[in-house]
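S.K.: The structure is given below, and queries will be raised subsequently.
What follows is calculated from the coordinates using simple rules that are stated; it is not laboratory data. Everything numeric in this text was worked out from a predicted model, so none of it was measured.
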Amino acid sequence: MNILNRSTCVLALFVAQVAMVSQVLAAELKLPREGWASWQVSAVENAPAWCCWNSWKDIDASPTSCRLDDRPDHYGTRRDETTDSVKVYARVAGGKIDRLQVLSATCPVETRTPIDELGSVTAEDSARWLIARAGQSGDDAGNPISENALAALALHRGDFARNALAEFSRDPRTETRKWAVFWLATLRGTEGADIASKLMFNDKAADVRKHAAFALAQTKSPRVAADLIRQGNTDKVGDVRAQAWFWLAHTGAVEAEKAIAAALRQDADEQVREQAIFALSQLPDDRAPRALIATAQDQTLSREQRKRAVFWLSQSESVEAQAYLEKVLARNAD
């Protein structure tokens, strides 16, 4: 190797080492040893404007200050409001993070001690810091810091945060995969929904496959109905299949009645068949009583299945359900 080539290699190695060191340093934001710190980053497109509300039931409720030292009440978003920037709040005690929260940048907050404002931080630098927090739990138990770090990561704009969250969806820890896939599906658009779909069919843990289906069902992805039907028909675990029918009904997909009715006849697991009838009761509007009435009147089904359909009809307040039950009672009285 000549001197020029050797110098080029040395320079390339030096640049790579500098880049690696810079990446590590970027993850170490200058937080105080005690108390609250905050920084603002650009949010992913259509990020929900998370804040606290003076009421969760009142449709006209207005935002209120989030008391960060306490567990937030009525925390979330209302009226589909979005934001283009979010703030990360971290509380340090004894040099360790003991509370972590992400909110819309415009959301008012209250703390018992002053907040050390770090100002604007790049989304990548903030994401690197959050990655370390998300990975700090060494077991499979729920960890509020880790879970909130994943939520915050999902709200960060850019491919770096998305790719990191996708990597967490393959984490050895079941709970970490479940939270990662939830935030991917609900906050990262089509790409996040595609990752959730893969986990629905490929993850080794039934709990993760169920959670991925739940997460995907909360989205507006065009693949939701087809994926839920596929999972309901093919998953090897009955509980996973049953929940797929439940979420399919909740989506209100036009294919729901036909697919669930087929499962009611074809699934080998009695519990799944029973849950399929319950799923019919979760269809929107008048579709639920109509599907249940059709089930109750279907002579090809077992007596127990038809009775189960009548039971769920009795739980409905719809006029159609009550009228059908009155007819049944009158017929039996005769």
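S.K.: Considering only C-alpha atoms, what is the centroid distance from the range 276-290 to the range 102-120, in Å?
M.R.: Cα centroid to Cα centroid, the span is 44 Å.
S.K.: As an exercise, find the ratio Rg/Rh for the chain from alpha-carbon atoms, using the Kirkwood inverse-distance average for Rh.
M.R.: 1.11
S.K.: Could you state the angle between the C-alpha long axis of helix 3-27 and the longest principal axis of the C-alpha atoms of the chain, as a value from 0 to 90 degrees rounded to the nearest 10?
M.R.: For helix 3-27, the angle is close to 60 degrees.
S.K.: Hey, can you grab everything whose amide H is under 5 Å from the amide H of residue 116? Only 5+ residues off in sequence or another chain; H modelled, so Pro and N-termini drop out.
M.R.: Excluding prolines and chain starts, which carry no amide H, the hits are 36, 37, 38.
S.K.: In the structure displayed, which of 178/198; 210/236; 87/220 lie more than 21 Å apart, Cα to Cα?
M.R.: 87/220
S.K.: For the range 222-334, report the convex hull volume of the alpha-carbon atoms normalised per residue, in Å³, without decimals.
M.R.: Looking at the range 222-334, the number lands at 86 Å³ per residue.
S.K.: Further question on the same structure: Normalise the Debye intensity by I(0) for the range 25-168, one equal point scatterer per Cα, no solvent, then take log10 at q = 0.15 Å⁻¹ and round to two decimals.
M.R.: The Cα Debye sum returns log10 ratios of -0.74.
S.K.: The range 154-250: Rg/Rh from Cα coordinates, Kirkwood Rh?
M.R.: 0.96
S.K.: Distance from the Cα centre of the range 222-248 to that of the range 301-334, in angstrom?
M.R.: 27
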